[in-house]
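Q: Supplied in structure tokens, the structure appears directly below.
The values are calculated or read from the model by the stated rules, or taken from the named source; none is laboratory data. For clarity, every value in this text was computed on a predicted model and none was experimentally measured. When we count neighbours, we look across all protein chains shown, and the Cβ atoms used for this are built from the backbone with ideal geometry, even at glycine.
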């Protein structure tokens with residue numbers, strides 16, 4: 001157990017809503033080995049980003065963490081006070097939030113924004129040390145040294161995203177959570193940014209949680225994939241296993257919804273709409289959209305169980 | 001008959017500001033969309049390649065710096081009010097952001113009722129209601145689930161389909177759809193694109209599908225234009241262009257799409273190379289700085305569009321043995337109209353001028 005870098009046990013997040021409680025994350029458990037690349041896939045509203053925030057204890061009212069535990073390399077995060085959690089964010093677990101390239105401060109130079117991270121984590125550096133570390137960080141993500149003196153608007157989207165990765169790795173975290181890091185970039189730049197992330201992650205030996213809905217990107221980047229639906233993990237398996245033998249009908253539908261470049265006219269969506277989290281259907285939450293649903297799916301919530309190398313929450317798998 | 005919409009050497013340059021260099025947003029481009037052969041034409045390119053500029057020019061929302069956009073043979077800038085109304089009816093737009101196009105204070109009915117009133121599509125309220133319901137059903141929505149709601153009560157996919165329904169109400173000849181699915185989930189993408197495709201197949205409406213996503217373009221369109229830094233890199237029938245790309249940029253673009261395969265070769269393919277660090281040339285090919293095949297000829301003059309196949313043109317000197325398109329006119333390559341399309345156009349030009357003169361003398 002001690003060799004795990006991150007362990008999440010039964011994590012649940014709920015939000016207050018005038019019409020009732022919204023269960024955004026429902027009993028999610030996962031474990032990451034050092035250096036592992038784990039993917040979290042699912043439609044918008046499935047709870048992927050909320051899970052990331054909950055791991056960092058960054059859920060704000062009207063939301064709250066209802067149950068569950070998070071361990072970072074043997075430290076139980078629930079035991080830490082707010083000060084120590086704050087120190088641990090970025091230094092232990094770094095989050096590259098969704099759309100982060102657009103949340104760089106437009107009136108501060110990139111170098112200053114990296115220096116802010118050092119200062120906030122109590123790193124007292126003199127000018128030349130600081131400049132040296134910033135230059136080294138930029139070099140690590142493949143950016144020229146002069147980027148430190150530039151403002152965000154002087155950078156392209158891909159460069160901004162690399163700058164965000166530089167900030168994320170500046171304190172050598174053990175886990176990097178990247179929430180749709182390339183969703184606003186075109187495919188050629190996406191590949192460059194993902195290659196940068198892969199290289200930096202290997203150099204650091206950090207584990208990565210990649211959040212997204214592009215199954216193609218997942219197939220090419222992660223080692224293991226968790227598929228989320230309506231706040232729950234419905235399938236977790238090594239990526240090759242999921243791609244060649246998806247066991248949950250929702251996983252199959254997600255893969256099929258990726259437009260193919262080989263066969264024309266094979267564009268299939270997932271019928272129906274994602275369920276309302278405050279009013280989930282009984283039994284398996286996916287049953288109203290599932291092409292294979294049987295009576296049991298409508299009444300009995302399927303538990304997660306191991307089948308071969310995979311874990312699946314489906315009565316029919 | 002004159003084509004529905006025709007771009008003749010259309011280009012757009014944004015002027016420099018406070019001594020900055022001006023920006024070429026779209027290099028001269030010529031092609032036509034005919035209403036007789038409804039088809040889906042995709043315009044694909046990365047951000048900043050000029051695809052939205054092209055859409056805005058064709059919609060008359062921006063004025064070309066050079067060349068002209070013609071609606072049924074008449075320059076968009078010289079339409080009289082009656083023709084302008086006809087143009088606004090025949091050519092509809094669906095934009096990227098299904099959140100930003102709604103006024104949150106109005107029920108969604110508002111965006112559907114406004115065109116009915118403006119274009120006097122219905123004689124009575126009951127007729128208007130029936131028309132709106134029919135348009136909603138046409139895009140796979142149930143009117144009773146949509147009407148009377150506020151925008152925030154609908155999902156992104158529903159909102160975007162309401163916009164398609166709004167366009168459909170006017171029975172247009174062309175819909176310009178600028179990134180209609182980039183803000184909706186993969187699972188809904190297929191449904192929206194499916195309803196767009198149905199408009200072409202069942203209602204005879206042509207669609208200009210503007211996207212950065214080559215894979216969905218391949219799925220729904222008949223022809224494709226690949227833009228790179230304001231220039232057409234490759235154009236033609238979608239099947240040929242996507243399955244056997246000839247321009248090095250199209251090849252790079254297709255190789256960069258991550259596939260849901262068990263073979264993992266995506267990251268290894270180019271790693272972090274091709275960053276575009278080589279100096280850009282201002283006079284040569286706009287892709288020369290990233291091109292693996294760049295030769296000295298590429299740095300000297302921009303390549304012409306060479307017609308490598310009846311329905312394909314490629315802007316790359318590797319194909320200079322093939323005939324160059326006359327005046328860079330992509331009409332014949334993009335639409336299935338035979339090569340006679342070009343002569344056709346020359347015929348209508350004088351008569352066109354005539355009608356305009358006659359109008360002036362009136």
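Q: Any chance you could count how many residues in the stretch A:163-190 are assigned to a helix (DSSP H, G or I) and either more than 14 Å from chain B (Cβ to nearest Cβ) or modelled with pLDDT of 90 or more (or both)?
A: 6
Q: Let me ask you something else. Any idea which residue in the stretch A:244-256 is nearest to the chain's Cα centre (by Cα), counting only those that are without any contact (Cβ under 8 Å) to a residue 12 or more places away in the chain and not in a loop (DSSP other than H, G, I, E, B)?
A: Result: A:252.
Q: Further, regarding this structure: List, please: which pairs have Cβ atoms under 7 Å, are six or more places apart or on different chains, and start with a residue in the stretch A:284-295 that is crowded, with 17+ Cβ neighbours inside 10 Å and end with one that is assigned to a helix (DSSP H, G or I)?
A: What qualifies is A:284/A:297; A:286/A:249; A:286/A:250; A:287/A:297; A:287/A:298; A:290/A:249; A:290/A:297; A:293/A:287.
Q: Would a scan of the stretch B:113-134 turn up a residue that is touching a residue at least 60 places away in the same chain (Cβ under 8 Å) and away from chain A (no Cβ under 14 Å)?
A: no
Q: So, one more: Is it the case that the stretch B:232-250 has a residue that's within 12 Å of chain A (Cβ to nearest Cβ), modelled with pLDDT under 90 and farther than 17 Å from residue A:190 by Cβ?
A: No, every residue in the stretch B:232-250 fails to be within 12 Å of chain A (Cβ to nearest Cβ), modelled with pLDDT under 90 and farther than 17 Å from residue A:190 by Cβ.
Q: I'm checking my understanding of the structure. Among residues of the stretch B:292-325 that are buried (at least 20 other Cβ atoms within 10 Å of the Cβ) and over 25 Å from the mean Cα position of the chain (by Cα), which one is farthest from residue B:237 (Cα to Cα)?
A: Taking the candidates together, the pick is B:298.
Q: Now, a different point. Is it the case that the stretch B:289-300 has a residue that's out of contact with any helix residue (DSSP H, G or I) (no Cβ under 9 Å at 6 or more places or on another chain), under 30 Å from residue B:206 (Cα atoms) and modelled with pLDDT under 90?
A: no
Q: Name the residue that is surrounded by the most Cβ atoms within 10 Å (Cβ to Cβ), counting only residues in the stretch B:181-214 that are under 14 Å from the mean Cα position of the chain (by Cα) and away from chain A (no Cβ under 14 Å).
A: Residue satisfying both the conditions and the ranking: B:207.
Q: Sticking with this one: Mind listing whichever residues of the stretch A:191-229 are away from chain B (no Cβ under 12 Å), touching a residue at least 40 places away in the same chain (Cβ under 8 Å) and part of a helix (DSSP H, G or I)?
A: A:203
Q: Return yes when residue A:219 is farther than 30 Å from residue A:83 by Cβ and crowded, with 20+ Cβ neighbours inside 10 Å and no when it is not.
A: yes
Q: Quick one: is residue A:280 under 30 Å from residue A:90 (Cβ atoms), touching a residue at least 40 places away in the same chain (Cβ under 8 Å), surrounded by 15 or more Cβ atoms within 10 Å (Cβ to Cβ) and more than 14 Å from every other protein chain (Cβ to nearest Cβ)?
A: When the stated conditions are applied, residue A:280 does not pass them.
Q: Let me ask you something else. What is the one condition in (1) under 16 Å from the mean Cα position of the chain (by Cα); (2) touching a residue at least 40 places away in the same chain (Cβ under 8 Å) that residue A:73 does not satisfy?
A: (1)
Q: Here is a follow-up. Could you please let me know if residue B:217 is touching a strand residue (DSSP E or B) at 6+ places or on another chain (Cβ under 8 Å), surrounded by 21 or more Cβ atoms within 10 Å (Cβ to Cβ) and within 11 Å of chain A (Cβ to nearest Cβ)?
A: Taking the combined requirement at face value, the residue satisfies it.
Q: Here is a check on your reading of the model: is residue A:241 at the interface with chain B (Cβ under 10 Å from one of its Cβ atoms) and in a helix (DSSP H, G or I)?
A: yes
Q: Checking the structure you have, find out if any residue of the stretch B:63-86 is closer than 30 Å to residue B:156 by Cβ, in a helix (DSSP H, G or I) and out of contact with any helix residue (DSSP H, G or I) (no Cβ under 6 Å at 6 or more places or on another chain). It would help to see each step written out before you state the result.
A: Residues of the stretch B:63-86 that are closer than 30 Å to residue B:156 by Cβ, as a first pass: none.
Checked the stretch B:63-86: no residue is closer than 30 Å to residue B:156 by Cβ, in a helix (DSSP H, G or I) and out of contact with any helix residue (DSSP H, G or I) (no Cβ under 6 Å at 6 or more places or on another chain).
Q: Check off (1) under 23 Å from the mean Cα position of the chain (by Cα); (2) at pLDDT 90 or above; (3) under 22 Å from residue A:243 (Cα atoms) for residue A:292 and give me the number that stays unchecked.
A: (1)
Q: Residues being in contact with a helix residue (DSSP H, G or I) (Cβ under 8 Å, 6 or more places away or on another chain), over 13 Å from residue B:93 (Cβ atoms) and not in a helix (DSSP H, G or I): count how many of those fall in the stretch B:174-202.
A: Count: 4.
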